[in-house]
Amino acid sequence: MSIVSKRFLSYLLDMFIIFIILFLIKQLLPVNNYEIELNNLNELYVEKKIDSEIYFNQFISLTHNIDKQNFGINLLGFFLIIINFIIIPLITKGQTIGQKLFKLKIKGKNLDVKDLSGRAVIINGLGYLIFMFIILFIATNQIYFILINLLGFFQILVVIINAFMVLYCKEGIADKFTNTRIEEIKWENLQNKN
């Protein structure tokens, strides 16, 4: 398997682990009433019982309230990203859980919290969450909706550009900005550790 495939799969595994933990914890929480209201709103709109202006205004308000009510789960996601993409690689000298499984390692001149934090902000959604936390309780419904969607689009774009950069240039955006790289751990290196 190529290093590009391993990088992609290790990233997916790391994000999947975080997603599963958040999903399972969310199932234990009480039902979010705003999410029920949003489902009802969607049904009314599909059945053409409300017009698009009413729908859009209520949709913006409900999504902002849903994010406010989901603050705790989003904060947990923030800490899981820090644990998996900063703390674990510091402890394991450059490997996330997925990278350990696929025998990859983050290398840098002096791999430290700053390098790993930079990678997490750029490619793992930490920047998105930080910005969301900043504007969540201070922005109006409309401003929040616009900013969070623009930022979400930008985050997805960064991940896609990063994937193409890794595919064609062997270095991603996070690699370039943090002066780090992902390398395969060769079998000889594993034997020398023992």
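At-a-glance table
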| item | result |
| --- | --- |
| Among (1) aromatic (Phe, Trp, Tyr); (2) open to solvent by 40 Å² or more (accessible area, probe 1.4 Å); (3) under 24 Å from Val4 (Cα atoms) - the single one Phe85 does not satisfy | (2) |
| Failed item, numbered, when Lys49 is tested on (1) exposed (fewer than 14 other Cβ atoms within 10 Å of the Cβ); (2) of a type in the set (D, E, K, R); (3) out of contact with any Asp or Glu (no Cβ under 9 Å at 6 or more places or on another chain) | (3) |
| Residue that is farthest from Ala174 (Cα to Cα), among those in segment 1-54 that are assigned to a loop (DSSP other than H, G, I, E, B) and of a type in the set (A, V, I, L, M, F, W, C) | Ile50 |
| Ile91 open to solvent by 70 Å² or more (accessible area, probe 1.4 Å) and under 26 Å from Tyr55 (Cα atoms) | no |
| Every residue from segment 26-46 that is open to solvent by less than 60 Å² (accessible area, probe 1.4 Å) and farther than 15 Å from Asp67 by Cα | Leu41, Asn42 |
| Hits in segment 119-153 - residues which are open to solvent by 20 Å² or more (accessible area, probe 1.4 Å), closer than 18 Å to Ile182 by Cβ and in contact (Cβ under 8 Å) with a residue 40 or more places away in the chain | Arg119, Ile122 |
| Segment 72-97, subset assigned to a helix (DSSP H, G or I) and more than 15 Å from the chain's Cα centre (by Cα), residue farthest from Lys186 (Cα to Cα) | Gly72 |
| Residues (assigned to a strand (DSSP E or B) and open to solvent by 50 Å² or more (accessible area, probe 1.4 Å)) located in segment 98-118 | Lys107 |
| Search result, residues across segment 105-126 that are within 24 Å of Phe154 (Cβ to Cβ) and of a type in the set (D, E, K, R) | Lys114, Asp115, Arg119 |
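The values are calculated or read from the model by the stated rules, or taken from the named source; none is laboratory data. Given the structure is predicted, the values throughout are model-derived calculations rather than measurements. We place every Cβ from the backbone using ideal geometry, glycine too, and count neighbours over all the protein chains shown. Just so you know, the surface numbers come from the protein's heavy atoms only, side chains and all, with ligands and any DNA or RNA stripped out. Shrake-Rupley method; radii C 1.70, N 1.55, O 1.52, S 1.80 Å.
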